[in-house]
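Novice: I am attaching a structure below and will ask some questions about it afterwards.
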Amino acid sequence: MKTRVQQGNSGNTLICALCTIVIISLIGANVLVNCTRHYNITAKQLKAWKEALYAAEAGGEAGFDEVRKALNPSSLPFTTDGWAAAPSPAPTPGPAWTKTISSFGQAGSLSTTVTIDKLTDNTGTIPATTPYYRIRAVGTARLFGLPRVGLSDQFFAGGPNFVANSASRGVGDTLLRKIDFKFDHFKASYGDGDGNNLGLAPVTYPQITRRIELVAVPKYYVFGGALRVVNAFDGPGTAGFVDSYNSKNPTNPNPSSPKVVNNDIPGPNTTSYYGSNPSNSTYLADAHDGDVSVATRNFIEGGPIWGDVTTNSGNVTHSGYQISGTIDNNVPFTIPPLSAPDTTGFAATSSGTGTITATGTSDSSPSGFVCSGISGSVTITNGNASSPTFPYAYAKVVVNGHITGKVTVEKGVTAEIWFAGNMKVKGEDLDNQNVDRGTKTANPGSAGVPPLIPATPADDPNPSRVGHMKFFGISPTVSGTTQTIEVDSPGNIFATFYAPSADIALTGNVDVFSAIIGRSFSGNGNAGFHYDKALNQVQIGVVTDYQIASYVEDVR
Amino acid sequence: MKPARLQNQGFTLIEMMLAVSIGSLMLAATIAASICLQRSFNAVDNYFSSHVQQVRIIDSLSRDVRRSYIVTTSTDLQTVTCIIPNYLVDNGSNQPTRATPALSLVGNKVVANYQASTVNNVTTTQGSTAISCPGLGLVSSHFSNANVGQSVVGTGIPAGTTIQSVSNCPLGSCSQATMSIAATFSNGNATLTIGALTNVVYSVVNQGIQRRENGGLTNIAASADNLIPATSDIELLNTEFTQSTVTFLPRFARGGQSFLDNERAGTTIFSLTYLRNRRRGDG
C-alpha cells in the first residue's frame, strides 16, 4: 500500500490572512467605538438635556396653571391635586408650595418638581394686596446608554468652584450639559440654589437636571373695545350708533365735544363723530374702533356699529347688519366675576351723601372710602388741587348698596366707584367734570394754567375724561342673582363700567362716552355710544388673569 | 511495499518570482486598505467630533438667547450679543444666591427684572447719547442716581452701553441721562432696562467659537474642520427670535469650490429660538 504524505506550506498564508483580519477588525472596532461614543454624546446626552428642559417647562406650566386658579374664588390654588407646603427652607418670604410630577416621558424617565412662592410688591408698581408669584421648576431626565459617556469638553477656567463673577468661574460652570452620574452636582454645590442644605445626594440613574424660574404677574384689564358682554347684546337703538374717538389725538380740535357730521356709510341718515369726515383720515380712523364682542350667539343690532364685531357661534354678516369692520362669529371668551375689594383702612362715610376729599397720588394708592349706598348727592373733591407739582388725586369708593343718587367727580380726580347693589340713574347724575388731555389743572373747575401753579407741573397722567370716572359692579355672591344698571336721559355720560355680572340698559336720548364690560347690554332710542380709544392705554386695576413676565434658567 | 516518495524539491525561479509578486501585491493591497481605513476612521472621527461641536454651539447659543432680554447680531452674522438677566447675586464668595425679582410698569403691563429696573416712555435720538423721560417721577418711571455706571439695554441702544450721568433730578427722580454710546436710531417711546445685566458675546476666533460672559472667556467649541456659525436676529413688533446655522467643511472633502460648498451645506444644522423675555408683559 502506498502512503502519500501531503506536506503543504499554506500555514503562512493562513497566518497572514488572520493578521490582516485582526488588523482590519481592530480598525473597524475602533471606528465603531468612537462612533458609539459620539453617538452617545450627540444623541443620548442631547436627548436627556433637551428633555430635562421640557420637563422643567412642564413643571412651570403646571405651576402657572395653579396660579391662574387664584382668580376663581371657588377654586383656591395650592390646596389639592398634589400641592403641599414647601419644606424648609422654603423660598422666602413665602408662603410657598411644591408639587412633584414624576414618571412621564419615555419609560417614565422624566420628572419635575415645581415650587411656587407668593410675593408682594412694596414699590407701588402694583397694589400690595395683589400678589405675584415666583415659579421655580426643576426638570430631571434620565440619561440612557452607557454610564460613562465622553463629555468631549474642551473647556477651561480659572477657579475650582462656581462664583458669580464669570471671569473667575471654575470648571463647575464650564460644561454645557452637566451630568449627574453618581450624585446630584447641584445639590452638592449649591444646595437649594441659595446655599442651604448642601450635601451629597445620590442619584438612582445618571441624569441631567435643568432649572428654570418664571415670574407670574397680574394682568390688568384695559378697555380694548366699546362693549364686551358675556350673555347678550341688543343695541344700539334704531336711531343710535356705536363709534369711537381718541381723546389723545393731538390733532383733535376739541375731543371733549366731538363734532357730529353726516355719515354716508354704513347706512344713510346716520351720524358719527368724525366718522365720515373725508378730509381728515386721522379722525376717520379714530372713529371706526367701536368694537363689540359677545360671548354667545345672542346679538341683535338696531343702529350701525362703526367697528368690529365678534360673537360665539352667531350668524352676523355684513349683508344683514350695519357693521363697518370685520365680523368673526367664532370668538369665545369668559370674564371672571368681580369680587368685592378689600376695604381695610377705608374711611366710612355714613350716609353716602356729601363730600369726599381724595388725596391719593396714584391708582395703586387711592384714598379709600366705604358707604352703604348713594341715594343723595356725593361729590368727590380734589384734595391735591393746591399741590405745586402734582395737582391730581385718586379715590376708591366702595358702595355696599345701590346707587340711585348723583355722583360728581371734580376736575383732577380719578375715581373708582365699586358698588354691590344696582344702579338706576339719569345721565346727568353721573357728573364727570374732567377734561380730555388735562394739562396743568390745579384748581377744580378752571381750565388752563392757574397763576399759583409753578411753571412745570405735571400734565394729567390720565388723558381720558372718561377714564376719570370708573364704575365697578361687584358680582352678586348669591347664585342666580343678577345686577342691573339702568341709565336714562337726560344728560350725557363720561364714565366706564366694568360689571361682568350686570345687565346694562341705556334708554332715551343719551350720548354715552364710555367702555362697558357687562353680562348683557341693551340700548334703545337714539342713544349713541362712543368709545374713547385712549382707554386702551389705561389699566383699570382689575386683574383678569396672570401672565409670565420673566423667564430665566439657572445654568449652574 | 514501496515507500512513498517525499516531494522535497524547491520552487523554480519562476515560481518564486511569481509567488513574491503575488505576495507583494497582496501586501500592498492590505497596507493600502489599512491606510484608507485609517483615513476613513479619521474622517468619521473628525466629522462626528465637529458635529458634536456644532450641536454644542447651537445648544449653548439657544440657551442664552432663550433667556435674553435683547439680542443683537453683527453684520457678518458671526458675532452675537445677548443681554441676560443677572439672576445670581455675587456675595463675594463661592456661594451665590438667587436674586428676587422686582416689578416695573411698562405702559399698562407689569414686567419683572433681576437686579435691574425698567424705564419707559424714553426718548432716544439717533447719534445722540442723551436720553430723556417726560413729566415727573410720580407719573412715570424715571432715571435715578443709582443708574450711573449701570448697563442699559433697549432697542436702538448698542450693546455694552452704560449710563454715564443723570440730571434734572427733582425729588431724586431724574428726567434726563447721558449714555456712554450714542443711540442707533430715534425713538419717542423707548423702553429701557437699566441695572446689573449679564453681557454674553459669541464670536469666532480662528477655528474656535468663544463665549465671553461679562468679559470672562469660555471656549464653546473648537474644531479643525472650519466651523462657521451664522445667527440672524429677527425683531418684530411684539416678539423676537434668532435663526442660527452652524456648518463645517469636512477635512476629507477634496474637489472644486462648488463641491466644497455643497459638502459644507450638507453639514448644516439649524436652530430657531424665541426670546422668552421679549414678550414679557404682553398677553
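The values are calculated or read from the model by the stated rules, or taken from the named source; none is laboratory data. This one's a predicted model, so the numbers in the text were calculated from it and none came from an experiment. Cβ placement follows ideal geometry from the backbone for every residue including glycine, while neighbour counts extend to all protein chains displayed.
Novice: Please specify each residue of region A:187-203 satisfying the condition of being more than 9 Å from chain B (Cβ to nearest Cβ), more than 33 Å from the chain's Cα centre (by Cα) and touching a residue at least 24 places away in the same chain (Cβ under 8 Å).
Specialist: A:ASN196, A:ASN197
Novice: Given the residues A:ASP363, A:ASP342, which is the only one that is farther than 28 Å from A:HIS530 by Cα and modelled with pLDDT under 90?
Specialist: A:ASP342
Novice: Tell me, which residue of region B:199-216 that is out of contact with any helix residue (DSSP H, G or I) (no Cβ under 8 Å at 6 or more places or on another chain) and part of a strand (DSSP E or B) is farthest from B:ILE131 (Cα to Cα)?
Specialist: B:GLY208
Novice: Just give me the residues in region A:502-519 being modelled with pLDDT of 85 or more and surrounded by fewer than 21 Cβ atoms within 10 Å (Cβ to Cβ), in sequence order.
Specialist: A:ASP503, A:ALA505, A:THR507, listed by residue number.
Novice: For A:GLU61, which of the numbered conditions (1) surrounded by fewer than 19 Cβ atoms within 10 Å (Cβ to Cβ); (2) over 13 Å from A:GLY139 (Cβ atoms); (3) assigned by TED's automatic domain parsing to the domain that holds A:GLY193 fails to hold?
Specialist: Going through the list (1) surrounded by fewer than 19 Cβ atoms within 10 Å (Cβ to Cβ); (2) over 13 Å from A:GLY139 (Cβ atoms); (3) assigned by TED's automatic domain parsing to the domain that holds A:GLY193, A:GLU61 breaks only (2).
Novice: Something else now. Cβ-Cβ under 6 Å, sequence separation 6+ or interchain: first residue in region A:291-318 and without any contact (Cβ under 8 Å) to a residue 40 or more places away in the chain, partner assigned to a strand (DSSP E or B) and among the charged types (D, E, K, R). Which pairs?
Specialist: Going by the 6 Å Cβ cut-off, the qualifying pairs are A:THR310/A:ASP328.
Novice: If you don't mind, another one. Tell me, which strands (runs of 3 or more DSSP E) wholly within region B:32-150 include 3 or more residues that are at the interface with another protein chain (Cβ under 7 Å from one of its Cβ atoms) and over 22 Å from the mean Cα position of the chain (by Cα)?
Specialist: Correct list: B:102-106, B:109-113.
Novice: Something else now. I need a count of the residues in region B:252-269 that are in a loop (DSSP other than H, G, I, E, B), under 20 Å from the mean Cα position of the chain (by Cα) and surrounded by 14 or more Cβ atoms within 10 Å (Cβ to Cβ).
Specialist: 1
Novice: Of the residues B:THR100, B:THR118, B:THR125, which single one is more than 18 Å from A:ILE548 (Cα to Cα) and either crowded, with 22+ Cβ neighbours inside 10 Å or out of contact with any helix residue (DSSP H, G or I) (no Cβ under 9 Å at 6 or more places or on another chain) (or both)?
Specialist: Answer to the selection: B:THR125.
Novice: From the list A:ASN509, A:ASN492, exactly one residue is out of contact with any His (no Cβ under 8 Å at 6 or more places or on another chain) and in the same structural domain as A:GLY235 (by TED's automatic domain parsing). Which is it?
Specialist: Of the residues listed, the single one that is out of contact with any His (no Cβ under 8 Å at 6 or more places or on another chain) and in the same structural domain as A:GLY235 (by TED's automatic domain parsing) is A:ASN509.
Novice: So A:ILE453 clears everything in (1) at pLDDT below 85; (2) out of contact with any Lys or Arg (no Cβ under 8 Å at 6 or more places or on another chain); (3) of a type in the set (A, V, I, L, M) except one condition, right? Which one?
Specialist: Exception for A:ILE453: condition (2).
Novice: Mind listing whichever residues of region A:322-337 are within 27 Å of A:VAL542 (Cβ to Cβ), among the β-branched types (Val, Ile, Thr) and surrounded by 14 or more Cβ atoms within 10 Å (Cβ to Cβ)?
Specialist: Within region A:322-337, A:VAL331, A:ILE335 qualify.
Novice: Any idea which residue in region A:526-556 is modelled with the lowest pLDDT, counting only those that are within 10 Å of another protein chain (Cβ to nearest Cβ) and over 19 Å from the mean Cα position of the chain (by Cα)?
Specialist: A:ARG556
Novice: Still on this structure, I have one more. Any residue in region A:133-155 that is of a type outside the set (Lys, Arg), touching a strand residue (DSSP E or B) at 6+ places or on another chain (Cβ under 7 Å), at pLDDT below 85 and in a loop (DSSP other than H, G, I, E, B)?
Specialist: Checking region A:133-155: at least one residue is of a type outside the set (Lys, Arg), touching a strand residue (DSSP E or B) at 6+ places or on another chain (Cβ under 7 Å), at pLDDT below 85 and in a loop (DSSP other than H, G, I, E, B).
Novice: Go through region A:371-407 residue by residue and tally those that are in a strand (DSSP E or B) and surrounded by fewer than 19 Cβ atoms within 10 Å (Cβ to Cβ).
Specialist: 3
Novice: Looking for whichever is within 14 Å of chain A (Cβ to nearest Cβ) and at pLDDT below 85 here; the options are B:ALA253, B:ALA224. Which one fits?
Specialist: Testing whether each residue is within 14 Å of chain A (Cβ to nearest Cβ) and at pLDDT below 85 leaves just B:ALA224.
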